[in-house]
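Notes follow once the structure below has been shown.
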Amino acid sequence: MCETQLTRLATGILALLATCCAGTNRVDAECALDCQQYGACIKGDYSCVVASNFHCRQSQQCKEFGKCTVMKGEYGSRECVAASDKDCQATGYCLEGGACWAIDGICQPRSSEDCKDTMFCKEMGWCSYEKHYPMGVCTLVSDADCKETDLCKKSGMCRRDVRWEVSVQTDGLSGLPFMTYVEAGFSCQPKSDTDCKISEDCANAGLCSYELFKDMGGGVCRAKTEEDCHQSKLCKNDGKCVALEGECVKTISEQ
């Protein structure tokens with residue numbers, strides 16, 4: 001076969017491949033948003049659908065959650081899933097929340113060890129592994145988790161306690177607003193003067209006394225007594241030795 005014929009054959013094969021790939025990897029205009037978010041780039045009969053790994057890999061689902069591989073879902077439709085540990089470990093959620101392993105199509109932690117060195121553990125106490133259908137997660141289960149956080153050392157937030165959220169509603173008859181408290185899960189909080197007194201905020205700013213504020217979602221450490229302020233660096237260095245409205249100030253008139 002002469003060189004010209006080989007060149008024509010190669011050109012034809014490349015053109016065929018380009019045509020196939022263009023069909024599989026195209027993005028239909030009406031699917032632009034779903035394509036960017038979920039990899040659903042092709043207009044189907046009823047909705048936008050995923051057609052290739054190319055679609056998955058350019059989506060936010062891949063970048064954020066490691067869902068970079070196309071597979072058939074439960075009902076036969078194609079969807080982007082997490083199929084490799086490498087894809088999971090490239091996501092921010094691996095670093096932040098320990099979800100570094102591809103399990104059942106989802107990036108997940110496998111044990112509490114995956115949770116310990118994460119941002120969520122250090123900042124919120126989500127240091128323990130639990131299985132919550134359909135996936136395992138890092139979550140807050142005990143005081144020990146809170147004691148792993150930076151906020152325990154700094155602000156005395158060393159105890160696992162109920163976090164409350166305030167809902168303001170209007171009375172149907174009088175039209176006056178009233179507040180209701182809704183249990184919204186758990187967070188790390190101080191629960192006593194003891195928690196506050198061992199904190200850096202106590203030594204530095206006199207925030208050594210515990211006070212419960214339900215409308216703030218729990219308790220906080222505050223400066224409530226002259227003793228709180230007198231022992232602090234703020235008093236010794238800046239002369240702020242008077243407790244007023246939860247803070248140490250120089251004099252009552254300062255506020």
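The values are calculated or read from the model by the stated rules, or taken from the named source; none is laboratory data. Please read these numbers as outputs of a predicted model, since none were measured by experiment. FYI the Cβ positions are ideal-geometry reconstructions off the backbone, even for glycines, and counts take in every protein chain you see.
When the residues of the range 178-196 are filtered to those that are surrounded by 14 or more Cβ atoms within 10 Å (Cβ to Cβ) and in a strand (DSSP E or B), the one that is modelled with the lowest pLDDT is F186. Taking the criterion of being aromatic (F, W, Y) and within 19 Å of K67 (Cβ to Cβ), the residues of the range 94-133 that qualify are W101, Y133. Contact annotation: no residue pair with Cβ atoms under 8 Å, 6 or more positions apart or on different chains, pairs a residue in the range 225-253 that is in contact (Cβ under 8 Å) with a residue 60 or more places away in the chain with a partner that is β-branched (V, I, T). Check whether at least one residue in the range 162-177 is modelled with pLDDT of 55 or more, surrounded by 15 or more Cβ atoms within 10 Å (Cβ to Cβ) and within 14 Å of C121 (Cα to Cα), and report yes or no. Within the range 162-177, none of the residues are modelled with pLDDT of 55 or more, surrounded by 15 or more Cβ atoms within 10 Å (Cβ to Cβ) and within 14 Å of C121 (Cα to Cα). Figure legend. Inter-residue proximity from the range 197-212: first residues outside any loop (DSSP other than H, G, I, E, B), second residues of a type in the set (A, V, I, L, M), beta-carbon distance below 8 Å, spacing 6+ or different chains. Indicated pairs: D201/L207; N204/L234; A205/A223; A205/L234; S209/A223; Y210/V220; E211/V220. A Cβ distance below 6 Å, combined with a sequence gap of six or more or placement on separate chains, defines the contacts here; from the range 124-139, residues that are of a type in the set (G, A, S) reach residues that are in a loop (DSSP other than H, G, I, E, B) in the pairs G125/L140; G125/T149; S128/V141; G136/P109. When the range 98-117 is filtered for residues that are closer than 17 Å to S142 by Cα and buried (at least 21 other Cβ atoms within 10 Å of the Cβ), only C115 remains.
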